[in-house]
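Read the figures in this text as sums done on the coordinates, not as results from a lab. None of these values were measured; they are calculated from a predicted model. Here the Cβ positions follow ideal geometry from the backbone for every residue, glycine too, while neighbour counts run over all protein chains shown.
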Amino acid sequence: MINQKMVAMSKSKHGFPKETESNVEFNKYVASFAVATLLFIIGIVIGNYLAEEKISKITQMESNLEFDITSMEIQNLLFSENPCYTAITGLEEKLRDTERKISFMEVQLGKDNEGVIKLKKYYSLLEIKHYLSMEKRRKECNMSYSMILFFYSNSRDKIAESERQGYVLDSIRQRYEVENVKIYALDKDLDLYIIEGLARFYNVSDSPTIVMNDQLLEGFHSKEEIESIIISTNE
């Protein structure tokens with residue numbers, strides 16, 4: 001009997017630590033799960049907050065952009081009344097600033113976002129109007145600046161080469177004063193009749209294509225090629 005009790009006590013002593021270790025491991029799993037769940041919930045809350053902040057900022061940007069576009073349209077009307085003597089630098093800087101804002105919105109919301117496309121169409125109409133005014137000014141007022149009309153595409157098979165050409169034109173824009181080189185970029189796939197009309201007028205059939213001082217440059221063209229035309233125009 002004594003031996004049996006000792007054996008039972010021995011089993012009890014050996015079994016208790018195993019049960020304790022099991023409880024500790026279980027508590028660790030529960031604690032880990034609780035922490036992971038808490039972090040997940042915090043992540044969702046922070047994510048929703050940042051998303052709301054982002055939407056709020058973009059909505060404000062859209063409102064500011066609409067105001068800027070309306071302001072530029074009025075300035076463009078004033079310029080059209082006296083193209084040879086009206087100062088244009090401020091208007092062109094505003095055009096470039098608005099273009100950067102729309103590009104930022106494309107990155108934030110996507111190129112296919114309805115709101116972005118709507119603003120882009122409105123801006124493109126204003127840009128074309130300014131281009132036609134500058135072209136008229138160049139011919140009627142005997143100006144020697146270069147005019148670059150850039151037709152690009154965001155379609156899957158054209159976007160890479162279009163962006164490559166866009167980078168070249170950006171570098172040219174940074175190098176030359178706006179009084180010497182004027183660059184206008186139009187999305188050929190934007191579904192605007194006036195863009196289609198300009199493309200037909202200049203015999204543009206593909207993207208990217210540059211119309212530069214009435215010369216048609218199809219496909220990609222290097223910075224050196226474009227600069228040679230600019231130099232010859234400004235001489």
Subject >> Simple spin-label estimate for residue 93 and residue 141 in nanometres, 7 Å along Cα-Cβ >> reply: 1.7 nm
**OP:** Please list 112-120, 205-213 highest first by mean number of surrounding beta-carbon atoms within 10 Å per residue.
**Re:** 205-213, 112-120
Original post:
In whole angstrom, how far apart do the alpha carbon centroids of the range 102-130 and the range 155-210 sit?
Top reply: 14 Å
Original post:
Going by how many other beta carbons lie within 10 Å of each one, how would you line up 214, 187, fewest first?
Top reply: 214, 187
Original post:
What's the FRET efficiency of residue 132 with residue 39 using the Cβ-Cβ distance as r and R₀ = 45 Å, to the nearest 0.05?
Top reply: 0.20
Subject >> Tensor-based shape of the range 156-200 (alpha-carbon gyration tensor, a/c under 1.5 rounded, otherwise prolate or oblate) >> reply: oblate
Original post:
Packing-wise, with mean Cβ within 10 Å as the measure, how do 122-128, 195-201 rank, highest first?
Top reply: 122-128, 195-201
Original post:
Given the pairs 111/139; 118/139; 136/158; 94/188, which are separated by over 28 angstrom at their Cα positions?
Top reply: 111/139; 118/139; 136/158
**OP:** Treat the count of other C-beta atoms within 10 Å as a stand-in for reagent exposure and order 231, 183 from fewest to most.
**Re:** 231, 183
